[in-house]
Amino acid sequence: MRTALLSLALLALCACGSAPTPPGPDAPIERGPKAIALDGDPNGIWWDAATKTLFMADDQNNRVLKWTDAGGVSLVADLPPAPANGAGLGDLVRMPDGTLVVVRFGGGTAGDVVFVRPDGTSGIVPNLKPERRRIGLTLAQDGHLYVGYFVRVSNVNVGSVARLTLDGTEQEVIGALQKPVGVLAVGDSLFVSDQLAGKVYRAPLAAPQEYTTYATLPSPDLLAVGPGGLLLTGSRQGKVFSIAPTGEVAVMASGYQEPHGLAYDEENKRLFIADHDGDTSDGATHFLRIIPVE
């Protein structure tokens with residue numbers, strides 16, 4: 001798979017607007033390569049084809065942003081107040097009714113799941129265990145949510161995937177993981193990236209505990225569906241990997257900082273990348289990158 005090189009052009013962050021609006025008939029489609037500097041740190045991202053809107057969980061500022069071709073980057077909603085040690089936003093999904101659901105890492109003491117309704121109001125899913133460090137989230141075709149998390153026991157990671165309800169229940173469906181990061185439901189399968197194990201697992205949704213190794217690769221991050229049935233994931237090595245249905249791993253794109261969330265726009269054949277700057281100094285710059293996928 002070939003991609004064009006990204007440019008170094010930067011766009012400023014706009015902080016206006018709330019409801020997703022499709023681009024007008026004359027709005028140009030940005031296929032990239034483009035690097036958009038953000039006043040924030042996107043982690044999980046979600047492309048909504050119906051409204052032609054990219055939603056982003058801003059890990060730095062405890063909020064949800066959106067991007068459109070017509071309007072650029074703007075604010076969707078601030079999330080409920082985060083604990084003193086930070087929100088640590090992970091993945092997000094958009095429910096059929098327009099509700100956005102976002103997981104918050106919480107550092108082992110304040111993990112939770114929050115939501116933003118279509119009217120812009122937000123809340124916290126009740127009764128969830130705060131010691132669970134949640135990162136991955138996915139919406140299956142039957143409407144069920146699945147969340148990946150881990151806890152620290154005697155300084156050792158113990159990871160799981162659970163079926164989540166917004167009423168406040170988590171029922172474990174996969175155990176014995178180390179650090180599940182990406183969770184992605186595709187058809188009748190559930191894919192899970194374990195960053196410490198360097199594995200992507202595939203599990204039948206009908207019997208998730210019967211999971212098998214789908215691919216082996218370095219430090220896989222959040223997962224996305226790409227062109228032609230490929231599975232996509234970022235890496236701390238600054239690469240975006242594609243995984244074929246055969247399990248074959250290839251480098252789709254490289255030269256980034258730390259690609260976290262990914263989202264693919266099938267209609268316009270472009271890939272969105274949440275590119276995290278691991279530099280903890282005040283000069284850190286995080287990007288939304290857009291690259292064409294031919």
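Restricting region 8-33 to residues that are touching a strand residue (DSSP E or B) at 6+ places or on another chain (Cβ under 7 Å) and more than 23 Å from R94 (Cβ to Cβ), which is modelled with the highest pLDDT?
P33
For region 270-294, enumerate the residues that are in contact with an Asp or Glu (Cβ under 7 Å, 6 or more places away or on another chain), surrounded by 13 or more Cβ atoms within 10 Å (Cβ to Cβ) and assigned to a loop (DSSP other than H, G, I, E, B).
Of everything in region 270-294, those that are in contact with an Asp or Glu (Cβ under 7 Å, 6 or more places away or on another chain), surrounded by 13 or more Cβ atoms within 10 Å (Cβ to Cβ) and assigned to a loop (DSSP other than H, G, I, E, B) turn out to be A284, T285.
Given the structure, is K199 charged (D, E, K, R), more than 17 Å from A244 (Cα to Cα), at pLDDT 95 or above and out of contact with any His (no Cβ under 7 Å at 6 or more places or on another chain)?
no
Pairs, please: C-beta under 7 Å, at least 6 apart or cross-chain, first residue hydroxyl-bearing (S, T, Y) and in region 38-52, second in a loop (DSSP other than H, G, I, E, B) and modelled with pLDDT under 95?
Final answer for the pair search is T51/P20; T51/P22.
Here is a list of conditions, (1) of a type outside the set (D, E, K, R); (2) within 21 Å of D221 (Cα to Cα); (3) crowded, with 17+ Cβ neighbours inside 10 Å; (4) touching a residue at least 24 places away in the same chain (Cβ under 8 Å), and S160 meets all of them except one; can you say which number that is?
Only one criterion is unmet by S160, namely (4).
Touching a Ser or Thr at 6+ places or on another chain (Cβ under 7 Å) and in a strand (DSSP E or B), is that true of I174?
So I174 fits the description; yes.
Taking G40 and the conditions (1) closer than 19 Å to F272 by Cα; (2) in a strand (DSSP E or B), which numbered condition does it fall short on, given that it satisfies the others?
Here G40 meets the rest and fails (2).
The values are calculated or read from the model by the stated rules, or taken from the named source; none is laboratory data. Not measured: the values here are computed from a predicted model. Cβ sites come from the backbone with ideal geometry, for glycine too, and all protein chains shown count toward neighbours.
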